[in-house]
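Have a look at the structure below, then the notes.
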Amino acid sequence: MTVKDIIETSAVFLGREDIISYLKGDDISLSNEDAEKEISILVRCVNIVLNELATEFVPLKTTETVRCNNGQILYSSLLQSPLEILKVFDINGKELDFSLNQLFIKTNSNAVQVEYTYIPLPLNLSSTCVYAENEVPARIVAYGVAEKACLFEGKFDEAEIWAKKFKESASTISLPKNAVIKGRRWR
């Protein structure tokens with residue numbers, strides 16, 4: 001799933017045939033300048049929605065091996081922008097105690113593995129999405145993009161509809177696989 005796929009899906013939702021045709025190379029009704037501006041806005045909307053998904057619904061998690069200097073791991077030395085540090089392990093896999101500072105993680109080992117959730121880096125039109133289609137379907141991301149695009153255009157009532165669809169869909173995929181939903185009975 002690419003950013004382009006997500007934008008095409010959201011353009012379908014918004015009824016923007018001009019954007020769909022431009023992305024497929026079929027349409028010349030939009031000038032290159034207008035089309036690039038519209039698509040740039042939609043790419044920014046995709047990045048906003050992916051950040052929202054990562055922070056509120058489906059955290060992106062990674063484990064990274066890093067070296068410590070004086071028991072300190074600078075956040076800037078991690079490959080991604082950390083959102084929450086979950087665990088720190090030594091090289092043998094033993095969980096270590098750690099403390100968090102504004103600029104670094106403090107631990108008592110030289111080489112460690114850090115497990116953390118992170119905020120995705122900004123993507124461009126040709127980028128592959130940080131979520132696989134089976135984790136977060138393009139349709140759900142496109143709901144969020146449609147919401148943000150409507151807000152940008154000042155269509156607040158339509159944005160509210162897309163926001164509701166996005167939040168409902170995103171909350172269903174964020175449920176743990178072993179979640180138990182309380183049974184109901186008819187009266």
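Results for (1) assigned by TED's automatic domain parsing to the domain that holds Glu8; (2) surrounded by 11 or more Cβ atoms within 10 Å (Cβ to Cβ); (3) modelled with pLDDT of 90 or more; (4) assigned to a loop (DSSP other than H, G, I, E, B), shown as yes or no for each residue.
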site	(1), (2), (3), (4)
Asn124	no, yes, yes, yes
Arg139	yes, yes, yes, no
Glu147	yes, yes, yes, no
Leu151	yes, yes, yes, no
Ser169	yes, yes, yes, no
Arg184	no, no, no, yes
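Do the conditions hold for Thr55, that is, is it touching a Leu at 6+ places or on another chain (Cβ under 7 Å), closer than 13 Å to Thr117 by Cα and surrounded by 12 or more Cβ atoms within 10 Å (Cβ to Cβ)?
yes
Condition first: surrounded by 18 or more Cβ atoms within 10 Å (Cβ to Cβ) and without any contact (Cβ under 8 Å) to a residue 12 or more places away in the chain. Now tell me which residues in region 153-167 satisfy that.
none
The values are calculated or read from the model by the stated rules, or taken from the named source; none is laboratory data. In this text the structure is predicted, and so the values were computed from the model without any measurement. We place every Cβ from the backbone using ideal geometry, glycine too, and count neighbours over all the protein chains shown.
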